[in-house]
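Inspection log for the structure reproduced underneath, given as structure tokens.
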Amino acid sequence: MNKTLFTRGLALFLMLLMALSVFAACGSSDTPEETKAGNTDIPSVGDVEKDDENPGIEAVDYGGYEFSFICQPYRDNTAYPVNYMVSEGEGESPLLDAVYRRNSYLEEKFNITFNQIQTTDLTTSVRTQVLSGNTEFDVIVGSCRRLATFAREGLLLDLLSIDRFDMSKSYWDQNARDQLKIGDKLYFTNCDFNTQEIAFVVYFNKQVIRDYNLKSPYEYLENNEWTIDNWAELTKSVSKDMNGDGKMGELDQFGTLYERHNPRMFLYGIGIRTTTNDDTGYPEITLFNDGDKLTNAYEKLKAVFTDQTVSFSIEDNLSPDNTHGYADRWDYARSLFMQDLFLFHYEGTNILHQFANMEHEFGIVPFPKYDSNQANYYSVYPYNCAMVGLPSCLSGEDLDRTATIFEDLNFYSKEMVKKYWYETIITRRYTRDEESQKYLDVIKDGRVYDLGLYFNFGDITTKVLDADCATNNMSTAYARIKKAVESDIKVIYRDFGRD
């Protein structure tokens, strides 16, 4: 009887702590209020213009034109943030201060205003307007897989065909430019205008490392030993029935918090790619090029993620309707990470601000290597995060105006917003240690893109990459759809063509 009362009391106490954290840590997760103080470290226009990559675009009077971005609202069935396009003025947050200064300069330079159109049905809005031949927007900001759908339907321009765009400049992501082409066409890409995402990363809880007297991932990294085997060993070391009810649940302690698609991130980390372009830009299936490596790694991942004593699945354990006051069950799950109930969590950098008020320290590292012989660390860019494309109906003077403004916007975003967000807001305000800052650079340098993931050729993403690893056999699953995948790639390559 006493044990029962104690168990109930402990459970209620833990739930009270997490409820309080709603108000303390996550009352507004879209645009965190870092500070209201002035941000004197935002680069000035004069300093930025000295940059060697300045495209040197002259001022043009566009007569008060409204330059518009179209996107979905944040959290509308997607994960990407969209609060870096327009700003009402300084004082909201450091990020929006930087956006305001960038936009104000360009609005005066070109006699324009910037506008953001948010629609809950991006697909219908883009499709209807582009097919009509007239759009109220200049730039489409959408998730990778949504832009891939638009590309399939002929709704996007080939960005490489636009003379005003200098795609050799660093403010156009060079990995994206090379890895997202089909044939000699590039219909969507990443760039410095897209501010708040780097790639998927591994978050770890330092307090859990200390409590269990474990070797830190940082130590493994310093010794070139951050591998799947050592990640698995750490994960399997953490398991505790915190409330003493004899079963593992959401108020207990686990080695890892995960979503069903997370094993895919580890496969990209060991160098696996769904597709890789050949010399003609044809996406070849390379998922099984090293079959033994893929099989061995996947079995190790399966052994961890199917062990319910060390792994906690968000989809399997948390109801979409029971969010405990948070915006969704994913934010609620991250509040449990903040309460030291998980060692590892896997997400993009766009949610980093949610850990700003975490009592104990966390760290950020790349996904582990297959073994120490692997040369580099790799992290994949999330398919729900934003890239950019232009509507295919743009032409003539309209296209020249859009391209001119966006090229300049992208350049000024590089220094005034992106670099400031990364070097000041992310590394100085949110990360707690020098190691996280160091390994964010490693993650950024190893960022990869995969056409197979975004285009979902023949359902390969849905039925192979993101399938539940508890029941999924990748080779068998792929064999079932192999012909459909190959046929889909052939059709896409044919339709996109080569000049």
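Bear in mind that the values in this text are calculations on the coordinates, not laboratory data. For clarity, every value in this text was computed on a predicted model and none was experimentally measured. Note: ideal-geometry Cβ built from the backbone for every residue, glycine included; neighbour counts use all protein chains shown.
3J(HN,Hα) along the range 380-387: 8, 7, x, 6, 8, 9, 7, 9 Hz, from the Karplus curve 6.51 cos²θ - 1.76 cosθ + 1.60 with θ = phi - 60°, whole Hz, x for Gly and Pro. Once backbone amide H atoms are built at 1.01 Å from N, Val448 has Ser379, Val380, Tyr381 as its partners under 5 Å, excluding neighbours fewer than 5 places away on the same chain. Each principal axis of the Cα cloud of the chain was taken in turn, and the coordinate range along them, longest first, works out to 78, 57, 43 Å. Counting only Cα atoms, the range 215-370 measures 55, 33, 29 Å along its principal axes, largest extent leading. Determine the shape class of the range 172-296: with a ≥ b ≥ c the square roots of the Cα gyration tensor eigenvalues, call it rounded for a/c under 1.5, and otherwise prolate if a/b is greater than b/c, oblate otherwise. Taking the square roots of the gyration eigenvalues as a ≥ b ≥ c, the range 172-296 is prolate.
Pairs over the 25 Å Cα-Cα cut-off, from the set Lys185/Lys490; Lys236/Lys369; Lys185/Lys419: Lys185/Lys419. Across the range 244-260, coupling constants 3J(HN,Hα) worked out from phi with the 6.51/-1.76/1.60 Karplus curve, θ = phi - 60°, read x, 8, x, 8, 8, x, 5, 9, 9, 10, 10, x, 8, 9, 8, 10, 4 Hz, and Gly and Pro carry x. Taken as entire DSSP H runs, the helices of the chain that both span 20 Å or more between Cα atoms along their own long axis and average -1.0 or more on the Kyte-Doolittle scale are 2-25, 94-110, 291-305, 396-413, 474-496. Global size of the range 438-497: 14.9, 43 Å for Rg and Dmax (C-alpha atoms, Rg to one decimal, Dmax whole). Using θ = phi - 60° in the Karplus curve 6.51 cos²θ - 1.76 cosθ + 1.60, the 3J(HN,Hα) couplings for the range 158-171 round to 6, 5, 6, 8, 8, 4, 5, 7, 9, 6, 7, 6, 5, 6 Hz; x is entered for Gly and Pro.
A Förster radius of 22 Å, combined with the Cβ-Cβ distance separating Lys247 from Asp328, puts the computed FRET efficiency at roughly 0.30. Here the calculated FRET efficiency for Asn223 and Arg432, from their Cβ-Cβ distance with R0 = 30 Å, stands at 0.85, rounded to the nearest 0.05. The calculated pair-distance distribution of the range 129-232 uses every alpha carbon pair, bins of 10 angstrom beginning at 0, and gives 11, 32, 20, 17, 14, 5, 0 percent. In this label model, Arg494 and Ser168 are separated by 3.6 nm, measuring between points 7 Å along each Cα→Cβ vector. Calculated FRET efficiency, Ser132 to Val442, Cβ-Cβ distance, R0 = 45 Å: about 0.45 to the nearest 0.05. Annotation: amide H of Ala199 within the under-5 Å range of Thr349, sequence separation 5 or more or interchain, hydrogens built in the peptide plane.
Label positions at Lys240 and Asp41, each projected 7 Å from the Cα along the C-beta direction, are separated by 3.5 nm. Can you bin the range 370-499 into rounded, prolate or oblate? Criterion: square roots of the alpha carbon gyration tensor eigenvalues sorted a ≥ b ≥ c, rounded for a/c under 1.5, prolate for a/b above b/c, oblate for the rest. Verdict is oblate for the range 370-499.
The antiparallel fraction among DSSP beta bridges confined to the chain stands at about 55%.
Please say if the range 291-393 is rounded, prolate or oblate, where rounded means a/c under 1.5 for a ≥ b ≥ c the square roots of the C-alpha gyration tensor eigenvalues, and otherwise the choice is prolate for a/b larger than b/c and oblate otherwise?
Oblate.
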